[in-house]
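In what follows, a single structure is set out as structure tokens and then discussed.
Values quoted throughout were computed directly from the atomic coordinates according to the rules given, and no laboratory measurement underlies them. Remember, it's a predicted structure, so these values are computed and weren't measured experimentally. Every residue, glycine among them, receives a Cβ derived from its backbone with ideal geometry; neighbour counts consider all protein chains shown.
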Amino acid sequence: MREAHTAENRAAKGAYELAGAENAKVTLLATGSEVSLALEAQTLLAGQNIAARVVSMPCWKLFEEQPADYRAKVLGPGTVKVAVEAASPFGWERYIGTNGGFVGMHSFGASAPYKDVYKHFGITPQAVVEAAQKALKRI
């Protein structure tokens, strides 16, 4: 995780590793406010001896413009991917692959305070942990 200030704008590359992990088995991809859920899930997974990385992915378009080696490094070769977004899974398959997982909405949205909406749709750190566990069983 970034511990010190730098002038580099990592978001300008569309995605970047926010929190790494030694010998990671899982890469959690998140955007916007869901990054905090991914960070919480990373802590929960660590408690189960499952090393996970967290990638902040604010812009697919900018990420796709990066060199292939950068994209591969950020996505974490050899890890299962779980995307977390309070929206549709549409488009995430290109990053999570066939063995990955998605935590987000699978139906129309709802209107309420965000914590209530997240709970209603199962967009929680525990749901991210469960998606990671399922993804690991598929490999």
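Listing for the model above:
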read-out	value
Summed residue charge, Cβ within 10 Å of GLN66's Cβ, Lys/Arg positive, Asp/Glu negative	0
Cut-off 11 Å between beta-carbons: net charge of the residues surrounding GLY76, Lys and Arg +1, Asp and Glu -1	+4
Neighbourhood net charge (15 Å Cβ-Cβ; Lys/Arg +1, Asp/Glu -1) for GLY100	+4
Percent of beta bridges antiparallel (DSSP, the range 10-133, rounded to nearest 5)	20
Overall dimensions of the range 10-133 by Cα: Rg and Dmax, Å	13.7, 41
Value at 222 nm in deg cm²/dmol, rounded to 500, when DSSP H runs of n ≥ 4 in the chain each add -39,500 (n - 2.57)	-10500 deg cm²/dmol
